[in-house]
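Reading through the structure tokens given below for one structure.
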Amino acid sequence: MLERIRLERLKDKVTTAEEAVKLIEDGMVVGSSGFTKAGDSKVVLPALAERAKTENIKITLMTGASLGHGTDGKLAEAGALKKRMPFQVDPVLRSKINSGEVLFIDQHLSESAELLHNKNLPDVDIAVIEVAYIDRDGSIIPTTSVGNSVTFASLAKKVILEINTSIPEDVYGIHDIYQAEDYPHRNVIPIVAPWNKIGRKTIPLNPDKVAAIVFTDKHDSPADIAEPDAKTSAIAKHILEFFEEEVRLGHLTDRLLPIQAGIGKVANAVLTGFKHSNFYDLTMFSEVLQDSTFDLIDAGKLCFASASSVTVSQACYEHVFGNLQRYRDKFVLRPQNISNTPGLIRRLGIIAINTAIEFDIYGNVNSTHIGGTKIMNGIGGSGDFARNAYLSIFVTQAASKENKISHILPMVSHTDHTEHDVDILVTDIGLADLRGLAPRERAQKIIDNCVHPDYKEELQSYFDRACQRGGHTPHLLEESFSWHIRFNETGSMKKA
């Protein structure tokens with residue numbers, strides 16, 4: 001294992017997770033690698049959770065995105081978290097956030113590193129970073145994600161490294177490590193195509209910062225892959241038909257433009273649908289590479305993919321990293337303030353496909369909160385892409401829970417993406433192209449195309465009566481949240 005430490009003077013830093021975690025003190029700000037379960041701390045943060053069961057210790061924890069192996073939940077349950085940012089998916093942590101026991105900052109994923117570099121967030125006391133190995137110059141080779149690790153390595157006062165021996169050393173070369181200059185000396189980020197590599201293959205790190213090195217051989221938590229069902233397949237069909245029409249009209253070519261897709265069932269279904277389409281030589285400029293990404297590469301449909309992490313099932317993980325020479329020239333992993341930077345998204349003309357919890361008749365989207373108050377996961381990178389994309393597409397099922405919940409409402413209970421940032425809305429019922437439409441036109445298009453039949457008549461009545469009252473964006477304020485209130489009182493949004 002020591003062969004993975006190629007800088008001789010760091011070999012005496014090897015210790016156990018239990019010893020390393022003693023470096024973390026109450027009140028510290030800790031930055032950890034990890035982005036959607038990939039490349040996260042496998043032993044140090046869980047050891048901190050164990051320690052917090054018997055000691056009074058609370059930290060502020062920053063990561064790239066969510067962690068795997070239930071680590072967020074273990075930390076929350078042990079009372080080790082004072083504040084968490086910028087994203088999470090753990091049900092235990094979510095409960096603690098919604099009860100007010102843990103403070104949560106829900107950030108655009110492109111912004112965390114920027115705020116740290118600009119001194120708008122507290123300094124990082126300790127970084128915990130998973131690596132494949134340490135190079136001779138002290139620089140580190142990340143594993144299955146980059147996330148915010150470059151910033152944490154640069155700004156943290158001390159660094160704990162987790163060397164994961166389950167990661168093959170030939171992972172070297174799949175990363176493109178580029179750190180934009182601090183303001184006011186920032187230059188143009190010279191990426192004009194997803195496959196452009198502009199940085200170095202390792203993350204620079206001052207060896208004097210390394211306070212401890214811990215070995216592990218644990219794999220990332222596998223992604224939960226669900227087969228497309230009737231609803232997600234219908235959504236995918238609507239989107240692919242829309243793309244085909246855009247090609248027919250001359251707006252796009254059969255190669256489309258670089259695609260970004262959020263994680264989950266719908267995104268997986270949409271990407272899987274490309275396998276049987278007429279589109280070819282597709283590219284991705286996204287945040288996360290899922291099973292469907294590598295399925296499309298294997299099918300000859302996708303020629304290159306750029307992201308910040310690889311989050312796949314166990315079978316896909318073994319397939320990709322067991323045959324890395326086959327894939328290494330077909331994908332790249334970057335820091336998230338590069339993969340999600342607004343300027344690149346606009347320059348490359350990204351087609352962004354993200355998931356909504358609900359949207360309203362004017363196209364405002366809620367992607368984070370249930371009932372307007374309870375956080376689900378977070379905004380993630382959807383805002384980075386939605387506002388700057390060539391096409392901003394949001395998808396959701398029209399109704400759920402035996403159709404007791406409509407996901408199209410008079411007014412969203414929380415707004416993450418305003419109508420100004422949304423081009424296309426899609427449900428299993430149909431697709432609404434909102435480009436070039438005024439608010440009243442948008443509302444009618446959404447009601448006609450996207451709403452579940454059980455709710456269409458009532459939503460049409462709401463809109464008609466609101467229009468009689470007038471306004472550029474007509475609403476009946478006394479009724480605008482009545483569907484949410486009805487659900488809270490009766491368990492259904494339907495009128496009795």
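Quickly run through region 293-316 and pick out the residues that are crowded, with 21+ Cβ neighbours inside 10 Å, in contact with a Ser or Thr (Cβ under 9 Å, 6 or more places away or on another chain) and either farther than 17 Å from SER221 by Cα or among the aromatic types (Phe, Trp, Tyr) (or both).
Across region 293-316, the qualifying residues are THR293, LEU296, LEU302, ALA305, SER306, ALA307.
Quick check on PRO184: is it free of Cβ contacts under 8 Å to residues at least 24 places away in the same chain, within 24 Å of ALA305 (Cβ to Cβ) and open to solvent by 10 Å² or more (accessible area, probe 1.4 Å)?
In short, no.
Among residues belonging to region 304-324 that are touching a helix residue (DSSP H, G or I) at 6+ places or on another chain (Cβ under 8 Å) and in a strand (DSSP E or B), point out the one that is nearest to ASP224 (Cα to Cα).
Step by step, filter region 304-324, then rank; the result is VAL310.
How do the pairs read when you match residues in region 326-348 that are within 14 Å of VAL171 (Cβ to Cβ) with residues anywhere that are modelled with pLDDT of 95 or more and open to solvent by 30 Å² or more (accessible area, probe 1.4 Å), using Cβ under 7 Å and keeping only pairs 6 or more apart or on different chains?
Close Cβ pairs (under 7 Å, with a partner that is modelled with pLDDT of 95 or more and open to solvent by 30 Å² or more (accessible area, probe 1.4 Å)) amount to VAL332/LYS197.
State the number of residues belonging to region 461-496 that are of a type in the set (A, V, I, L, M, F, W, C) and assigned to a loop (DSSP other than H, G, I, E, B).
Counting residues in region 461-496 that are of a type in the set (A, V, I, L, M, F, W, C) and assigned to a loop (DSSP other than H, G, I, E, B) gives 5.
Assuming ASN323 fulfils every condition listed in (1) in contact with a His (Cβ under 6 Å, 6 or more places away or on another chain); (2) surrounded by fewer than 24 Cβ atoms within 10 Å (Cβ to Cβ) apart from one, which condition is it?
(1)
Go through region 98-131 and report how many residues are surrounded by fewer than 24 Cβ atoms within 10 Å (Cβ to Cβ) and assigned to a strand (DSSP E or B).
Result for region 98-131: 2.
Could you list, in sequence order, all residues of region 381-409 that are over 16 Å from ASN488 (Cα atoms) and in contact with a Gly (Cβ under 7 Å, 6 or more places away or on another chain)?
SER382, TYR390 - these are the residues of region 381-409 that are over 16 Å from ASN488 (Cα atoms) and in contact with a Gly (Cβ under 7 Å, 6 or more places away or on another chain).
So if I check each of ILE167, ILE160, which one is assigned to a loop (DSSP other than H, G, I, E, B), closer than 27 Å to LYS11 by Cβ, modelled with pLDDT of 95 or more and of a type in the set (Val, Ile, Thr)?
ILE167
Taking GLY250 and the conditions (1) in contact (Cβ under 8 Å) with a residue 40 or more places away in the chain; (2) open to solvent by 40 Å² or more (accessible area, probe 1.4 Å); (3) of a type in the set (Gly, Ala, Ser), which numbered condition does it fall short on, given that it satisfies the others?
Single failed check for GLY250: (1).
Restrict the check to region 189-209 and report whether at least one residue is in contact (Cβ under 8 Å) with a residue 12 or more places away in the chain, under 23 Å from LEU61 (Cβ atoms), in contact with a Lys or Arg (Cβ under 8 Å, 6 or more places away or on another chain) and hydrophobic (A, V, I, L, M, F, W, C).
Within region 189-209, the subset in contact (Cβ under 8 Å) with a residue 12 or more places away in the chain is 189, 191-195, 197-207, 209.
Checking which are under 23 Å from LEU61 (Cβ atoms) leaves us with 203, 205-206, 209.
Filter once more, keeping what is in contact with a Lys or Arg (Cβ under 8 Å, 6 or more places away or on another chain): 209.
Keeping just the survivors that are hydrophobic (A, V, I, L, M, F, W, C) gives none.
Within region 189-209 (the criterion being in contact (Cβ under 8 Å) with a residue 12 or more places away in the chain, under 23 Å from LEU61 (Cβ atoms), in contact with a Lys or Arg (Cβ under 8 Å, 6 or more places away or on another chain) and hydrophobic (A, V, I, L, M, F, W, C)), the answer is no, since none of the residues qualifies.
Taking the options VAL150, VAL92, name whichever one is under 25 Å from LYS22 (Cα atoms), open to solvent by 30 Å² or more (accessible area, probe 1.4 Å) and β-branched (Val, Ile, Thr).
Criteria check complete, one pass: VAL92.
Of the numbered conditions (1) closer than 22 Å to SER166 by Cα; (2) open to solvent by 20 Å² or more (accessible area, probe 1.4 Å); (3) within 24 Å of the chain's Cα centre (by Cα), LYS197 fails exactly one; give the number of that condition.
(1)
Give region 75-90 a look and list any residue that's acidic (Asp, Glu) and more than 16 Å from the chain's Cα centre (by Cα), or say none. Spell out how you get there, then give the answer.
First, pick out the residues of region 75-90 that are acidic (Asp, Glu): 77, 90.
GLU77 - this is the single residue of region 75-90 that is acidic (Asp, Glu) and more than 16 Å from the chain's Cα centre (by Cα).
Looking at GLY39, GLY73, which is the one that is out of contact with any Gly (no Cβ under 8 Å at 6 or more places or on another chain) and in contact (Cβ under 8 Å) with a residue 12 or more places away in the chain? Break it down stepwise before answering.
Working: GLY39 fails: out of contact with any Gly (no Cβ under 8 Å at 6 or more places or on another chain).
Matching residue, one of GLY39, GLY73: GLY73.
With THR36, THR60 as the choices, which residue is at pLDDT below 95 and either crowded, with 20+ Cβ neighbours inside 10 Å or out of contact with any strand residue (DSSP E or B) (no Cβ under 6 Å at 6 or more places or on another chain) (or both)?
THR36 is the lone residue from the list that is at pLDDT below 95 and either crowded, with 20+ Cβ neighbours inside 10 Å or out of contact with any strand residue (DSSP E or B) (no Cβ under 6 Å at 6 or more places or on another chain) (or both).
For region 39-51: of the residues being open to solvent by less than 10 Å² (accessible area, probe 1.4 Å) and at negative phi, which is nearest to the chain's Cα centre (by Cα)?
Ranking the qualifying residues of region 39-51, first place goes to ASP40.
Before we move on, is ALA269 in contact (Cβ under 8 Å) with a residue 60 or more places away in the chain and either basic (Lys, Arg) or open to solvent by less than 10 Å² (accessible area, probe 1.4 Å) (or both)?
Against the criterion (in contact (Cβ under 8 Å) with a residue 60 or more places away in the chain and either basic (Lys, Arg) or open to solvent by less than 10 Å² (accessible area, probe 1.4 Å) (or both)), ALA269 does not qualify.
Please specify each residue of region 437-457 satisfying the condition of being more than 11 Å from ILE408 (Cβ to Cβ), out of contact with any helix residue (DSSP H, G or I) (no Cβ under 8 Å at 6 or more places or on another chain) and surrounded by 17 or more Cβ atoms within 10 Å (Cβ to Cβ).
Result: LYS445, single match.
The values are calculated or read from the model by the stated rules, or taken from the named source; none is laboratory data. Computed from a prediction, not measured in an experiment: that's the story for all the values here. Counting neighbours? That spans all protein chains shown, and the Cβs are built from the backbone with ideal geometry, glycine included. What goes into the accessible areas is simple: the full protein's heavy atoms, side chains included, and nothing from ligands, DNA or RNA. Shrake-Rupley method; radii C 1.70, N 1.55, O 1.52, S 1.80 Å.
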